[in-house]
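Here's the structure we're looking at; comments come further down.
The values are calculated or read from the model by the stated rules, or taken from the named source; none is laboratory data. Everything numeric in this text was worked out from a predicted model, so none of it was measured. A quick note on method: Cβ atoms are made from the backbone with ideal geometry, for glycine too, and the neighbour counts reach across all protein chains shown.
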Amino acid sequence: MTITRADRPHRWPRTGTPTPGHVTTGSAQQRRQRRTSRLTALAFLAPLALYLAAFYLYPLYRNLDLSLRDYTVRSFVSGDAPFSGLDNFRTVLDDPTFGPALTHTMVFTLASIACQYTAGLALAVFFNRGFRLSGTLRALFLIPWLLPLIVSASTWSWMFNSESGVINYALSLVGVGPVDWLASPDWSLASVIIANIWIGIPFNLVILYSGLQNIPAELYEAAALDGASPWQQFRRVTFPLLRPVSAITLLLGLVYTLKVFDLIWIMTKGGPGDSSSTLATWSYQLGFGTLMPKFGAGAAVGNILILIALVFGLLYIRVQRKQEA
């Protein structure tokens, strides 16, 4: 019996072997899904991109434009300031105030960071032991970090007052004469450093305490069994394992401290003279602190400060990538 083509049973395609029409339809559907995913991602990124462009990129562009033009009050309003190139930067670098301001910025930043980290690490190790009321005490140590800076600066200004300040009163109890903390060129920079250290300790405490919580307790038990003293445990176990968190803490604190302005301005306004002036306060003084403002020079100082902070910011990113690798 001969089976004709019409009488042959229909053979369905094997599983996993789509027909050409099915391939075309599947590919188009995948392309539509990818396109939808990209559009969804762009829709979520759009508000962030607009925010960064409006509040970061445009101000940076305007600040750079200010530093490259010879702006006066009239030209600042009219917007027709002539292009001056790098003249503002040369003027700033040749100014006798630049050297002391840069030195004060470095001293203020390094002294603050070193003391904040040391005190924060000591407190983090202390609270890591765990004892009654440790949580309450940690919360109290966060108060300086939670207070508005204007409140903290005003409080320290009152405490450092040479006539009615509580610090001079405490010194008088031990036979030390009054110190002109804010009015003396010898003490004004030290005063703002002390206040900034007090404000920054809670940040270091929180970050370093979190890092200590991630160190396994078994390591301390093994070190104790081997006869290691508490100092040896800290030097051989705690500090090495805390090094990545310490690097992030120091770099973040460095970038933040470089641009501190409000604390110094409220307490001393960079004075007396230029004894506590930093790049941040000097930039403000040039741009807004006189009747004849120098907008271009002030913007140039601000760009120099941004460049310094950018270097440390890139260093922070590099360290973070190494830790994630």
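Out of (1) within 30 Å of GLY165 (Cβ to Cβ); (2) in contact (Cβ under 8 Å) with a residue 40 or more places away in the chain; (3) among the β-branched types (Val, Ile, Thr), the odd one out for THR238 is which?
Single failed check for THR238: (1).
Out of (1) surrounded by 17 or more Cβ atoms within 10 Å (Cβ to Cβ); (2) in a helix (DSSP H, G or I); (3) more than 19 Å from the chain's Cα centre (by Cα), what's the single condition that is false for THR249?
It fails just one condition, (3).
Which condition number does LYS259 fail, the rest of (1) surrounded by fewer than 19 Cβ atoms within 10 Å (Cβ to Cβ); (2) free of Cβ contacts under 8 Å to residues at least 24 places away in the same chain; (3) more than 30 Å from PRO216 (Cα to Cα) being met?
(2)
Got at least one residue in the stretch 66-89 being of a type in the set (Phe, Trp, Tyr), in contact with a strand residue (DSSP E or B) (Cβ under 8 Å, 6 or more places away or on another chain) and surrounded by fewer than 18 Cβ atoms within 10 Å (Cβ to Cβ)?
Yes, some residue in the stretch 66-89 is of a type in the set (Phe, Trp, Tyr), in contact with a strand residue (DSSP E or B) (Cβ under 8 Å, 6 or more places away or on another chain) and surrounded by fewer than 18 Cβ atoms within 10 Å (Cβ to Cβ).
Which pairs have Cβ atoms under 8 Å, sit 6 or more apart or on different chains, and link a residue in the stretch 142-165 that is among the acidic types (Asp, Glu) to one that is assigned to a loop (DSSP other than H, G, I, E, B) and surrounded by fewer than 17 Cβ atoms within 10 Å (Cβ to Cβ)?
GLU163/PRO178
Can you tell me which residue in the stretch 269-292 is surrounded by the most Cβ atoms within 10 Å (Cβ to Cβ), limited to those that are of a type in the set (Ser, Thr, Tyr) and assigned to a loop (DSSP other than H, G, I, E, B)?
THR278
Can you pull out the residues in the stretch 192-227 that are of a type outside the set (Phe, Trp, Tyr), surrounded by 12 or more Cβ atoms within 10 Å (Cβ to Cβ), over 22 Å from the mean Cα position of the chain (by Cα) and part of a helix (DSSP H, G or I)?
Those that are of a type outside the set (Phe, Trp, Tyr), surrounded by 12 or more Cβ atoms within 10 Å (Cβ to Cβ), over 22 Å from the mean Cα position of the chain (by Cα) and part of a helix (DSSP H, G or I): LEU219, ALA222, ALA223, ALA224.
With the structure loaded, tell me whether ALA153 is within 23 Å of THR257 (Cβ to Cβ), assigned to a helix (DSSP H, G or I) and not hydroxyl-bearing (Ser, Thr, Tyr) or whether it fails that test.
When the stated conditions are applied, ALA153 passes them.
When the residues of the stretch 167-191 are filtered to those that are in a loop (DSSP other than H, G, I, E, B) and of a type in the set (A, V, I, L, M, F, W, C), which remaining residue is modelled with the lowest pLDDT?
Once the filter is applied, the top-ranked residue is VAL176.
Would you check if SER112 is surrounded by 14 or more Cβ atoms within 10 Å (Cβ to Cβ) and polar (S, T, N, Q)?
Judged against the criteria, SER112 is a match.
Is it the case that VAL301 is at pLDDT 90 or above, in a helix (DSSP H, G or I) and of a type in the set (A, V, I, L, M)?
Answer is yes for this residue.
Please find, within the stretch 49-107, the residue that is nearest to ASN303 (Cα to Cα) out of those that are in a helix (DSSP H, G or I) and among the small types (Gly, Ala, Ser).
Step by step, filter the stretch 49-107, then rank; the result is SER67.
How about the stretch 266-297: which of its residues are under 26 Å from ALA183 (Cβ atoms), in contact with a helix residue (DSSP H, G or I) (Cβ under 6 Å, 6 or more places away or on another chain) and not aliphatic (A, V, I, L, M)?
Matches in the stretch 266-297: THR268, GLY270, ASP274, SER275, SER276, SER277, THR278, THR281, TRP282, SER283, GLY287.
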